[in-house]
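A.B. asks: Dumping the structure here so I can ask a few things about it.
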Amino acid sequence: MIELRPFATLGAANHGWLDAHHHFAFADYHDADRVNWGRLRVWNDDTIAPKSGFPAHPHRDMEIITYVRTGAITHRDSLGNEGRTGAGDVQVMSAGSGIQHAEFNLEDEPTTLFQIWILPDQRGGTPSWGARPFPKDARDGKFVTLASGVAGDTDVLPIRAGARVLGATLKAGETVTYDTRADRHAYLVPATGRVQVGEVGAQARDGVAITGLDTITVTAIEDAELVLVDAA
């Protein structure tokens, strides 16, 4: 099954400093048909105005992955961690038994990002945060794992869930495949560009929900930047 979720159908809330679009039910956006996709619980498409951001607030029992599309985000948390994550790079916060964090766009330009929440395999545990650069040219024509809790995945940001977050960049006309399992739940969003996923066409920022397949095939109609989550 491949289901297209057009960007125009997503939940939305514009707070001035934050223009948010929700692929799944979130905050004041309620949709009984889009509460989660397997253990993928949240995929928010956020634009954060310059010199603004999210003040300190708590989380627990959630794996929170931030994929920065343009600009940069600066993180601070109750563990004393602080760091700036720029475009194309990724940060991961394992909320565990509880953590407070703030996320600010300290730049002179808007920051755009995907914030992805995945339910952990187990509740509790010591909270943690980490970030690292992922050069986009290393993803040319192929999916590269950015964050993972799958045994055997190395040189990635660790998460506490049997899931992967992957990125790829494709030139128009290129095709990439990803092997999964029919019982998994994959969710793909082109950050930029138009793509064909099987027989389904998707525009930039559309969501594509996939299950029941062993192999996912994506062809770029235009140059495209892809983010894919493969979860139980």
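A.B. asks: Taking the convex hull of the alpha carbon atoms in the range 86-232, what volume per residue do you get, in Å³?
C.D. replies: On the way: hull volume 17.1 nm³, N = 147.
Taking the convex hull of the Cα positions in the range 86-232, it is 116 Å³ per residue.
A.B. asks: Once the other residues with Cβ under 11 Å from the Cβ of ASP206 are scored (Lys, Arg +1; Asp, Glu -1), what is the net sum? Could the numbers behind the result be given before it?
C.D. replies: Values: positive: ARG5, ARG194, ARG205; negative: GLU3, ASP45.
In short, +1.
A.B. asks: Alpha carbon centre of the range 132-155 versus the range 13-57: separation in Å?
C.D. replies: Spelled out, the Cα-based centre of one part sits 25 Å from the other.
A.B. asks: By per-residue mean of other Cβ atoms within 10 Å, what is the highest-first order of 180-187, 205-212? All intermediate terms of the calculation are to be shown ahead of the outcome.
C.D. replies: On the way: 180-187: 17.2, 205-212: 19.5.
Peptide ranking by packing, descending: 205-212, 180-187.
A.B. asks: On to the next question. When Lys and Arg each count +1 and Asp and Glu each count -1, what net charge do the other residues less than 10 Å away from ILE99, Cβ to Cβ, add up to? Walk me through the numbers on the way to the answer.
C.D. replies: Details: positive: ARG60; negative: ASP77.
After counting each charged neighbour, the total is 0.
Any read-out appearing in this document is the output of simple, stated calculations on the displayed coordinates, not a laboratory observation. Because the structure is a prediction, the values reported are computed rather than measured. With ideal geometry, Cβ positions are generated from the backbone for all residues, glycine too; neighbour counts draw on all protein chains shown.
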